[in-house]
1. Kindly list, by first and then second residue, each pair from a residue in segment 97-110 that is closer than 16 Å to residue 63 by Cβ to a residue that is exposed (fewer than 13 other Cβ atoms within 10 Å of the Cβ) and modelled with pLDDT of 90 or more, limited to pairs with Cβ atoms under 7 Å and residues at least 6 apart or on different chains.
2. Mind listing whichever residues of segment 90-124 are surrounded by fewer than 18 Cβ atoms within 10 Å (Cβ to Cβ), within 21 Å of residue 151 (Cβ to Cβ) and in contact with a helix residue (DSSP H, G or I) (Cβ under 9 Å, 6 or more places away or on another chain)?
3. Out of everything in segment 144-178 that is at pLDDT 95 or above and over 21 Å from residue 88 (Cα atoms), what residue ends up being surrounded by the most Cβ atoms within 10 Å (Cβ to Cβ)?
4. Looking at (1) touching a strand residue (DSSP E or B) at 6+ places or on another chain (Cβ under 9 Å); (2) part of a loop (DSSP other than H, G, I, E, B), which one does residue 167 not meet, given that it meets all the others?
5. Just checking, does segment 49-69 include any residue being assigned to a strand (DSSP E or B), over 14 Å from residue 134 (Cβ atoms) and in contact with a helix residue (DSSP H, G or I) (Cβ under 7 Å, 6 or more places away or on another chain)?
6. Taking segment 83-121, which residues are assigned to a strand (DSSP E or B) and farther than 18 Å from residue 6 by Cα?
7. Restricting to segment 35-52, give me the number of residues that are crowded, with 19+ Cβ neighbours inside 10 Å and without any contact (Cβ under 8 Å) to a residue 40 or more places away in the chain.
8. Got a number for residues in segment 133-147 being out of contact with any strand residue (DSSP E or B) (no Cβ under 8 Å at 6 or more places or on another chain) and either under 11 Å from residue 105 (Cβ atoms) or touching a residue at least 12 places away in the same chain (Cβ under 8 Å) (or both)?
């Protein structure tokens, strides 16, 4: 399996982020804003509006996630950021009361030609390492059971179990809340 190289999405990586999201099959209607949108942004449901909202966050230096590269080409994405930068995802309060110690691993995107090669597990490990390097003490994820008709972009329970995440609750009717303690 080829090795992915990871970089945090920042101003310098915007073009790569844009290229990946606008590629064939990319999440160009969502721009990973569904769980981030707050206030008036929740009414912005069109791709171009969401793209601008994401770009504004990146330009402001707000952490949004990681890009995975093969041969300097962006082929994968995972949304990993402080939980407070998202709307409520359903996780319990921090056990120590320090909400800023929780980072949320919310979604994934891997270009079609690179799927089923184990990159999801690699993305999870990179997200854990990244969150830890930024001061997180807990990484929280919201996967679904295999075969779920929705929220598949959030990953599947077995891959998080294999990575050492533990069940801590449920969110809605399909999403599990799982945590990895750093």
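1. 99/84; 100/84
2. 121
3. Filtering segment 144-178 for residues that are at pLDDT 95 or above and over 21 Å from residue 88 (Cα atoms), the one surrounded by the most Cβ atoms within 10 Å (Cβ to Cβ) comes out as 163.
4. That leaves (2) as the condition not met.
5. Of all residues in segment 49-69, those assigned to a strand (DSSP E or B) come to 66-69.
Retained after the next criterion (residues that are over 14 Å from residue 134 (Cβ atoms)): 67-69.
Keeping just the survivors that are in contact with a helix residue (DSSP H, G or I) (Cβ under 7 Å, 6 or more places away or on another chain) gives 67-68.
Scanning segment 49-69 turns up at least one residue that is assigned to a strand (DSSP E or B), over 14 Å from residue 134 (Cβ atoms) and in contact with a helix residue (DSSP H, G or I) (Cβ under 7 Å, 6 or more places away or on another chain).
6. Just the residues of segment 83-121 that are assigned to a strand (DSSP E or B), to begin with: 102-110.
Correct list: 102 only.
7. Count: 2.
8. Within segment 133-147, the first condition is being out of contact with any strand residue (DSSP E or B) (no Cβ under 8 Å at 6 or more places or on another chain), and the residues that meet it are 133, 135, 147.
Now drop any that are not either under 11 Å from residue 105 (Cβ atoms) or touching a residue at least 12 places away in the same chain (Cβ under 8 Å) (or both), which leaves 135.
Summing the residues that are out of contact with any strand residue (DSSP E or B) (no Cβ under 8 Å at 6 or more places or on another chain) and either under 11 Å from residue 105 (Cβ atoms) or touching a residue at least 12 places away in the same chain (Cβ under 8 Å) (or both) in segment 133-147 gives 1.
The values are calculated or read from the model by the stated rules, or taken from the named source; none is laboratory data. If you're wondering where the values come from, they're calculated on a predicted model, not measured in any experiment. Cβ coordinates were reconstructed from backbone atoms using ideal geometry, including for glycine residues, and neighbour counts include every protein chain displayed.
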